[in-house]
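Colleague: Shown below is the structure under consideration.
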Amino acid sequence: GRWISRTDAAAAAERFGGPLVLLHRAVLIDTLAGLLPPGTVRTTAEARLADPGDERRPARVSTPDGDLEAALVVGADGVRSTTRHTLFPAHPGAVYAGFTTWRIVIPVPGVRFASHETWGRGRLWGTHPLKDGRVYAYAAAMTPAGQHAADDERAELLRRFGHWHSPVPEVLAAARPEDVLRHDVHHIAEPLPAYHRGRVALLGDAAHAMAPTLGQGGNQAVEDAVVLAHHADDLAAYTAARLPRTTAVARRAARVARVNMTGNRAGIVLRDTLIATASRLRPGLLLRGFDGIADWRPPQPPYAAVRTDTDQR
């Protein structure tokens with residue numbers, strides 16, 4: 001293969017006012033959870049939205065220990081969100097995006113490489129170093145939904161990518177079968193009418209699951225959380241702030257997926273030629289694809305405070 005476009009961290013920092021940081025999701029979650037009092041986060045608690053409430057009555061959540069009333073409920077229950085279905089039962093929900101993905105996060109000692117994403121015919125591979133010394137690698141391929149390797153997913157990656165350029169073979173050689181995670185990609189192709197109903201707000205994939213081609217799934221969820229903190233007492237304002245932006249980002253991610261995952265030979269030649277030519281004439285082409293995304297700025301304080309009947313904040 002050949003490089004068709006290059007950029008660097010300094011150019012990104014100059015364009016967007018700060019560096020682009022690659023952070024493993026588990027590290028971010030642990031960091032945020034560590035800022036809370038012990039016992040605040042309970043990930044094993046079963047809960048279901050029973051009533052979204054309205055201006056006159058609180059929302060109600062059912063648990064095995066009984067119902068809870070709340071001034072605000074945040075539905076952040078992922079791409080297959082039951083909260084979303086409860087709020088908008090007529091919405092079709094998330095649909096298959098046409099491709100599956102694999103992810104690996106492991107140490108790969110002694111291997112030096114440039115952070116990259118490589119496009120093939122109907123497939124791609126990316127490799128990026130993490131701050132803790134590990135390597136984050138991902139792959140994607142156009143496949144029917146619901147397929148899995150007959151042996152294991154590492155073996156499947158070897159069949160599909162084992163002959164690709166360094167460091168792909170080295171990463172696969174260092175990986176164990178249990179290091180490889182595979183998930184079909186589902187996205188919300190038809191935007192929701194709103195990100196709230198009653199006293200319930202949807203956040204992250206529950207609201208706007210999108211293709212991972214721009215790396216914006218988790219980032220948009222973080223933006224959601226910041227804006228929701230600002231508008232916790234006015235969920236209509238939260239929807240107004242987030243629905244247009246996330247819809248635009250999701251549509252851009254879908255367009256990028258159609259370009260970099262194409263299996264059409266003529267389309268591949270045209271794509272690579274256009275990007276390579278444009279990158280030579282106008283360096284930083286790929287960075288411009290993040291204009292309006294990476295330069296987002298959060299709303300300014302003060303933030304809203306939602307009080308319950310017990311005057312707890």
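FYI, it's all coordinate maths here, none of it is from the lab. Quick caveat, the model's predicted, so the values are computed rather than measured. When we count neighbours, we look across all protein chains shown, and the Cβ atoms used for this are built from the backbone with ideal geometry, even at glycine.
Colleague: Exactly which GluC sites (Glu not before Pro) in the stretch 77-160 are in a DSSP loop and have at most 11 other Cβ atoms within 10 Å?
Modeller: Here no loop site has a sparse enough neighbourhood.
Colleague: As I understand it, the dipole of the stretch 95-187 uses +1 on the Cβ of Lys and Arg and -1 on the Cβ of Asp and Glu, about the Cα centre. Which of A114, G162, A145 lies farthest toward its positive end?
Modeller: Selected residue: A114.
Colleague: Run the dipole for the stretch 95-187 about the Cα centre, Lys and Arg Cβ at +1, Asp and Glu Cβ at -1, nothing else charged, and hand back the magnitude in debye, nearest 20.
Modeller: The calculated dipole for the stretch 95-187 is roughly 240 debye.
Colleague: So for each of 258-266, 22-30, 240-248, 167-175 I average, over its residues, the number of other beta carbons within 10 Å; can you give me the resulting order with the highest mean first?
Modeller: Top to bottom by mean Cβ count within 10 Å: 167-175, 240-248, 258-266, 22-30.
Colleague: Give the residues of the stretch 1-37 whose amide nitrogen is closer than 17 Å to a point set 7 Å from the Cα of A248 in the direction of its Cβ.
Modeller: Residues 16 qualify, since their backbone N sits under 17 Å from the label point.
Colleague: Using the Cα centre as the reference, give the magnitude of the dipole from point charges on the C-beta atoms of the chain (Lys, Arg: +1; Asp, Glu: -1; all else neutral), rounded to the nearest 20 debye.
Modeller: Here the size comes out at about 1360 debye.
Colleague: Would you give the gap between the C-alpha center of the stretch 242-305 and the C-alpha center of the stretch 1-37, rounded to a whole Å?
Modeller: 16 Å
Colleague: Taking 20 °C and 1.002 mPa s as the conditions, I'd like the Stokes-Einstein D for the stretch 36-152 in µm²/s, using the Kirkwood hydrodynamic radius from alpha carbon pairs.
Modeller: 114 µm²/s
Colleague: When the chain is fully extended, how far beyond the present Cα-Cα distance does R80 get from A9, taking 0.36 nm per residue of separation?
Modeller: 22.0 nm
Colleague: Estimate the FRET efficiency between D65 and L35 by the formula 1/(1 + (r/R0)^6), using the beta-carbon distance for r and 45 Å for R0, to the nearest 0.05.
Modeller: Plugging the Cβ-Cβ distance into 1/(1 + (r/R0)^6) gives 0.95.
Colleague: At 0.36 nm per residue, minus the direct Cα-Cα distance, what do R282 and L23 gain on full extension? Give it in nm, one decimal, please.
Modeller: Value of the extension gain: 90.4 nm.
Colleague: Right, here's the next one. What does the convex hull of the alpha-carbon atoms of the chain project to on average, in nm²?
Modeller: Result: a mean projected hull area of 18.7 nm².
Colleague: With runs of 4+ DSSP H residues as the only contributors, calculate the mean residue ellipticity of the chain at 222 nm using -39,500 (n - 2.57) per run, divided by the residue total and rounded to the nearest 500.
Modeller: Roughly -10000 deg cm²/dmol at 222 nm, from the helical runs in the chain.
Colleague: Round to the nearest 0.05 the FRET efficiency obtained for R297 and A225 when R0 = 25 Å and r is the Cβ-Cβ distance.
Modeller: The computed FRET efficiency comes out at 0.95.
Colleague: Report the label-to-label distance for S115 and T273 in nanometres (one decimal), using points 7 Å from each Cα along the Cα→Cβ vector.
Modeller: It works out to 3.2 nm between the two label points.
Colleague: OK, next. In percent, what relative contact order does the chain have, based on Cα pairs under 8 Å that are 6 or more apart in sequence?
Modeller: That works out to 22 percent.
Colleague: Now a separate question. Would you mind working out the magnitude of the charge dipole of the stretch 10-94 relative to its Cα centre, with +1 at each Lys and Arg C-beta and -1 at each Asp and Glu C-beta, to the nearest 20 Debye?
Modeller: For this selection, approximately 220 debye.
Colleague: Quick one: if the Förster radius is 30 Å, what FRET efficiency do A150 and V256 give, using the C-beta to C-beta distance and rounding to 0.05?
Modeller: It comes to 0.45.
Colleague: Still on this structure, I have one more. When you take every Cα atom in the stretch 1-58, what is the radius of gyration, and what is Dmax, the widest Cα pair distance, in Å?
Modeller: 21.2, 63
Colleague: May I ask what percent, to the nearest 5, of DSSP beta bridges between residues of the chain are antiparallel?
Modeller: 90 percent
Colleague: Over the C-alpha atoms of the stretch 95-187, what are the Rg and the largest Cα-to-Cα span, Dmax, in Å?
Modeller: Rg, Dmax (Cα atoms, Å): 12.8, 41.
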